1. Amide H of residue 197: which non-local residues (sequence gap of 5 or more, or other chain) have their own amide H closer than 5 Å, using H built in the peptide plane?
2. ³J(HN,Hα) across region 95-105 via Karplus (A = 6.51, B = -1.76, C = 1.60, θ = phi - 60°), whole Hz, x for Gly/Pro?
3. What is the list of residues in region 212-230 whose amide nitrogen lies under 16 Å from a point 7 angstrom out from the Cα of residue 149, following Cα to Cβ?
4. For the chain, taking Cα atoms only, what is the radius of gyration to one decimal and the Dmax to the nearest whole Å?
5. Once you charge only the Cβ atoms, +1 for Lys and Arg and -1 for Asp and Glu, what is the size of the charge dipole of the chain about its Cα centre, to the nearest 20 debye?
6. Which loop-located GluC sites (Glu not before Pro) does region 125-213 contain, where loop means any DSSP state but H, G, I, E or B and the Cβ has at most 16 other Cβ atoms within 10 Å?
7. Considering only 184, 272, 227, whose Cα is most displaced toward the positive end of the charge dipole of region 151-294, charges sitting on Cβ of Lys, Arg (+1) and Asp, Glu (-1)?
8. Give, as ranges by residue number, the residues of region 177-199 whose backbone N falls under 11 Å from the point 7 Å along Cα→Cβ of residue 84.
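We did not get these values from a lab; they are worked out from the coordinates using the rules stated. Remember, it's a predicted structure, so these values are computed and weren't measured experimentally. Backbone-built Cβ (ideal geometry, glycine too); neighbour counts: all protein chains shown.
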Amino acid sequence: MKHEDFATIKKCDSWQELCEKHDNFCLKKGKIWVFRGQKNAAWDLKTTFERLTDIVTDIVKRKNIPSFEFGLLRKFKREFSLYSKRIAKDDDLIEWFSLMQHYGTPTRLLDWTYSFYVATFFALEDIENENESAIWAIETKWLEHKLFKKCSSCKKLLRRDLNLQKKESLKTIINKLVVAKVNPYYVHERLSVQQGCFLFPGDTTQSFLDNLLGLAGTKKELKNNLIKFVVTEKKTEKRAILEDLFRMNITRTSLFPGIDGYAASLKVAAFILPETLKPGTEYREFIKGVVRKS
């Protein structure tokens with residue numbers, strides 16, 4: 001299915017145009033948007049678990065996908081204590097899924113952020129990417145309203161437990177074509193600094209998009225609440241955007257605290273601000289006596 005069939009597409013050829021279109025659509029009173037950056041505008045909205053099941057369809061039948069997911073969950077829960085002192089409550093599946101997502105296990109969770117600028121960074125940080133990038137945006141008040149309408153018999157239960165921490169709440173949407181916005185009660189550092197949240201599809205035997213369409217009811221209604229900002233692939237514009245984000249302190253260093261984030265951030269720094277990477281006296285001392293090529 002083409003993205004323009006179910007999402008409002010906004011092409012942006014500059015940083016200024018991107019910001020203006022974001023402001024026009026996403027700063028309206030009473031609306032709360034969340035964002036997701038993807039480096040290739042042609043990519044669909046897919047969870048890591050959905051991508052995994054696409055690969056193993058030859059050995060895992062569609063009807064067995066739910067039990068396959070819980071097999072992954074069980075394996076992770078049983079051995080997590082070997083690597084971390086932090087243990088989630090056994091029945092808090094959202095927190096367990098969040099931990100799995102954090103450490104790289106495929107899950108049904110799809111990462112989003114409340115920050116348009118963080119999403120823009122994730123869309124553009126791959127400086128080798130030569131494709132148009134995308135920043136997706138979805139309106140969460142609408143999402144919540146549609147969820148309550150779809151699960152009207154459990155509306156009170158869901159209102160009391162929006163993050164689906166209790167099994168009773170979770171069971172109301174499992175195997176239904178719906179999507180819920182969730183967050184674990186105990187957030188880890190990255191989720192906090194990235195202003196992150198998750199979208200949780202109810203039926204893993206169907207695609208994330210099918211769950212969204214099931215919730216919306218029609219492509220037209222989904223299109224009114226789902227935007228795809230398409231960002232130019234031009235290197236000069238990408239550099240300008242990343243430099244502005246750097247000045248806002250939106251970098252791998254700030255979004256992924258620790259040496260891994262800092263080390264990865266130097267690649268973008270070399271792309272946008274090469275003049276800051278001065279070799280100092282170490283290079284002059286090192287190069288002494290080295291024979292140069294004629």
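1. Sorted by chain and number, the residues that satisfy this are 112, 113, 114.
2. Couplings: 5, 5, 4, 5, 5, 4, 4, 4, 9, x, 7 Hz.
3. It comes to 212-226, nothing else.
4. When restricted to Cα atoms, the chain yields Rg and Dmax of 21.6, 81 Å.
5. The dipole of the chain has a size of about 820 debye.
6. Numbers: sites: 125, 128, 130, 132, 139, 144, 168, 189; in loops: 125, 128, 130, 132.
Sites meeting the loop and neighbour criteria: 128, 130.
7. Of the listed residues, the answer is 227.
8. 186-191, by backbone N distance to the label point.
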